[in-house]
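Engineer: Let me give you the structure first, and then I'll get to my questions.
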Amino acid sequence: MDRKIYWHLPGLCYLKDLNLTILKLMREYRNCFHEGYCAGSVYGTFPGAIWNGGRTVLGFCSKNDILRTLKEYEPYKVPLRFTWTNPLITEQEVTDTYCNLIMRLADNGENQVLVNSPVLEEFLRYNYPDYRFISSTTKRITDPAALEAEMEKDYFMVVLDYDLNHDEEVLKKLEPQAERVEILVDEICFPHCPKRAEHYRDEAVKQLEFEIAPPFDCPNRRSKKSFEDCKTRPAFISEEQIGDYISRGFCNFKLVGRGLPPELVLDSYLYFLVKEDSREFIRGRVDLGLKEIASKRAAARARR
C-alpha cells in the first residue's frame with residue numbers, strides 16, 4: 001500500500017512507556033505491522049492541566065519532566081496532540097501559567113491541539129498559530145447538518161462522533177473530505193449515550209477544581225473494561241471493516257485509552273496495527289520493552 005494510514009494513539013503521559021515501546025517496534029519490526037500503517041499522533045495531556053477535557057487527569061509535571069517527555073517522543077517524529085477540550089474554559093482560565101508553559105515548550109510547528117471551548121480556541125489560534133487545530137469528538141456533533149458546517153470551518157481535522165461510525169448517509173457525504181475526518185474505531189461507551197455530554201461536563205468541573213471525587217454515575221463504569229467489551233459495541237469498526245473505510249478515502253483512525261487499563265490499550269494496538277500472525281511476537285517484545293524501561297528508571301533512581 002503506497003498510501004499512509006494514520007492511527008492516533010492515547011495517553012501521551014499516562015501510557016508513555018507503552019507508546020514509546022510501540023513506536024520503537026514499528027520501526028524495528030516494520031513487517032509485523034500492516035502495510036502503510038503509522039502513528040499519526042499521540043494524544044493526551046500533562047497531569048494537572050486545567051484546559052484538559054474528556055477525562056480528568058490530576059497531578060503535576062515540572063518543566064524538566066515536560067521537556068524530558070517531549071524529548072523522548074522527538075526521535076519518532078510523531079505529533080503530540082493536546083486534549084484542550086474542557087468546555088468550561090472562560091477568559092479567566094486562558095492565561096493559566098502551566099497550560100501556556102506546555103504550549104510554549106511543545107511549539108515545534110508539528111504538534112496539535114484538540115479544541116472544544118470557543119474562547120480557548122480563539123486564544124490558542126492567536127497566540128500559538130503554528131499548532132494544527134482539530135475539532136474534538138467531545139462536541140458531540142451528531143446532527144448531519146451541524147457536522148457539515150463543522151467540516152467547512154478551518155480545522156486540520158474533525159473527529160467524528162462515534163454514533164455516526166456506521167451511518168452510510170453521513171459517511172457518503174464525508175467522502176470528498178475523508179482525509180480530514182478522524183474516526184474513533186473502538187469507543188467503549190454505550191451507543192447514543194444520553195449522559196455522555198453531562199459526563200464530559202462533570203470531568204471538566206473536576207479538572208478545573210482539582211477535585212478527587214466519586215466517578216460520574218454511569219452504568220458503563222460499573223464493570224471492568226476490556227477490549228472484548230469494545231468489540232461488542234455497535235460503533236466498533238472491526239479490522240475487517242477498516243479496509244472499506246480506507247477504500248472510501250478515510251485514513252485517520254483514533255484508538256481509545258485515556259483512563260482505561262493499559263492491557264486494554266495494548267490489546268487494541270495488537271488487534272488494529274499488527275498482522276495477526278505477528279501479534280504474540282509483538283506482545284512479547286512489548287513486555288520486554290516495558291521491563292527494560294522500568295529497569296532503566298529504577299537504576300536512575302538508585303544513582304540519585
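Engineer: Out of VAL205, VAL159, which single residue is within 24 Å of THR90 (Cβ to Cβ), touching an Asp or Glu at 6+ places or on another chain (Cβ under 6 Å) and not charged (D, E, K, R)? Walk me through how you get there before you give the answer.
Structural biologist: Values: VAL205 fails: touching an Asp or Glu at 6+ places or on another chain (Cβ under 6 Å).
Within the list VAL205, VAL159, the selection yields VAL159.
Engineer: Which condition number does ASN116 fail, the rest of (1) in contact with a Pro (Cβ under 6 Å, 6 or more places away or on another chain); (2) surrounded by 19 or more Cβ atoms within 10 Å (Cβ to Cβ); (3) under 30 Å from GLU28 (Cα atoms) being met?
Structural biologist: (3)
Engineer: Write out, first by first residue and then by second, each pair whose Cβ atoms fall under 8 Å of each other, whose residues are 6+ apart or on separate chains, and whose first residue, in segment 1-21, is more than 22 Å from ILE188 (Cα to Cα) and surrounded by fewer than 22 Cβ atoms within 10 Å (Cβ to Cβ) while the second is modelled with pLDDT under 95 and among the aliphatic types (A, V, I, L, M).
Structural biologist: Cβ pairs passing all conditions: ASP17/ILE293; ASP17/ALA294; LEU20/ILE293.
Engineer: Any idea which of (1) more than 18 Å from PRO10 (Cβ to Cβ); (2) assigned to a loop (DSSP other than H, G, I, E, B); (3) not hydrophobic (A, V, I, L, M, F, W, C) is the one ARG258 doesn't satisfy?
Structural biologist: (1)
Engineer: Take segment 51-66 and flag every residue that is buried (at least 19 other Cβ atoms within 10 Å of the Cβ) and over 23 Å from PRO261 (Cα atoms). Working first, answer last.
Structural biologist: Here is the first cut: in segment 51-66, the residues buried (at least 19 other Cβ atoms within 10 Å of the Cβ) are 51-57, 61.
Correct list: TRP51 only.
Engineer: Suppose we filter LYS231, LYS206 for residues that are outside any loop (DSSP other than H, G, I, E, B) and under 26 Å from PRO47 (Cβ atoms); which single one remains?
Structural biologist: Numbers: LYS231 fails: under 26 Å from PRO47 (Cβ atoms).
Of LYS231, LYS206, the one residue that is outside any loop (DSSP other than H, G, I, E, B) and under 26 Å from PRO47 (Cβ atoms) is LYS206.
Engineer: Report, by residue number, each residue of segment 67-98 that is surrounded by fewer than 18 Cβ atoms within 10 Å (Cβ to Cβ), touching a helix residue (DSSP H, G or I) at 6+ places or on another chain (Cβ under 7 Å) and over 26 Å from TYR155 (Cα atoms).
Structural biologist: LEU67, GLU72
Engineer: Still on this structure: What number of residues in segment 128-140 are more than 16 Å from GLY40 (Cα to Cα) and at pLDDT 95 or above?
Structural biologist: Initially, segment 128-140 is screened for residues more than 16 Å from GLY40 (Cα to Cα), giving 128-130, 137-140.
Among the residues that remain, those that are also at pLDDT 95 or above are: 128-130.
Residues meeting the conditions: 3.
Engineer: Now a separate question. Please list, ordered by residue number, the strands (runs of 3 or more DSSP E) wholly in segment 19-129 having 2 or more residues that are within 30 Å of ARG196 (Cα to Cα), out of contact with any Lys or Arg (no Cβ under 8 Å at 6 or more places or on another chain) and of a type in the set (Phe, Trp, Tyr).
Structural biologist: Details: elements: 37-44, 80-84, 112-115.
Qualifying strands (runs of 3 or more DSSP E): 80-84.
Engineer: Of all the residues that make up segment 23-76, how many are out of contact with any strand residue (DSSP E or B) (no Cβ under 8 Å at 6 or more places or on another chain) and of a type in the set (Phe, Trp, Tyr)?
Structural biologist: Qualifying residue count, segment 23-76: 3.
Engineer: I need every pair where a residue in segment 184-202 that is on the phi < 0 side of the Ramachandran plot has its Cβ under 9 Å from the Cβ of a residue that is outside any loop (DSSP other than H, G, I, E, B) and small (Gly, Ala, Ser), sequence separation at least 6 or different chains.
Structural biologist: Short answer, once both residue conditions are applied: VAL185/SER268; ASP186/SER268.
Engineer: Would you pick out the residues in segment 130-163 that are part of a helix (DSSP H, G or I) and among the polar types (S, T, N, Q)? Reasoning before the result, please.
Structural biologist: Keep residues of segment 130-163 that are part of a helix (DSSP H, G or I), which gives 137-139, 144-151, 162-163.
Result: THR137, THR138.
Engineer: Right, another one. Within segment 227-242, take every residue that is more than 18 Å from LEU273 (Cβ to Cβ) and surrounded by 13 or more Cβ atoms within 10 Å (Cβ to Cβ) and give me the one that is modelled with the highest pLDDT.
Structural biologist: Applying the first criterion (more than 18 Å from LEU273 (Cβ to Cβ)) to segment 227-242 yields 229, 232-235.
Still in the running and surrounded by 13 or more Cβ atoms within 10 Å (Cβ to Cβ): 229, 233, 235.
Details: ASP229: 85, ARG233: 90, ALA235: 94.
Among those that are more than 18 Å from LEU273 (Cβ to Cβ) and surrounded by 13 or more Cβ atoms within 10 Å (Cβ to Cβ), it is ALA235.
Engineer: For segment 171-209, name all the residues that are under 17 Å from SER135 (Cα atoms), surrounded by fewer than 19 Cβ atoms within 10 Å (Cβ to Cβ) and among the aliphatic types (A, V, I, L, M).
Structural biologist: ALA178, ALA197
Engineer: Please find, within segment 164-189, the residue that is farthest from LYS231 (Cα to Cα) out of those that are at pLDDT below 95 and either of a type in the set (A, V, I, L, M, F, W, C) or assigned to a helix (DSSP H, G or I) (or both).
Structural biologist: That would be CYS189.
Engineer: Hey, among the residues in segment 251-304 that are basic (Lys, Arg) and within 20 Å of the chain's Cα centre (by Cα), which one's nearest to THR83 (Cα to Cα)? Show your work before the answer.
Structural biologist: Start the filter on segment 251-304 by keeping residues that are basic (Lys, Arg), which leaves 254, 258, 275, 279, 283, 285, 291, 296-297, 301, 303-304.
Restricting the remaining residues to those that are within 20 Å of the chain's Cα centre (by Cα) gives 254, 258.
On the way: LYS254: 13, ARG258: 11 Å.
It comes out as ARG258.
The values are calculated or read from the model by the stated rules, or taken from the named source; none is laboratory data. Predicted model only: the values in this text are computed from it and were never measured. We place every Cβ from the backbone using ideal geometry, glycine too, and count neighbours over all the protein chains shown.
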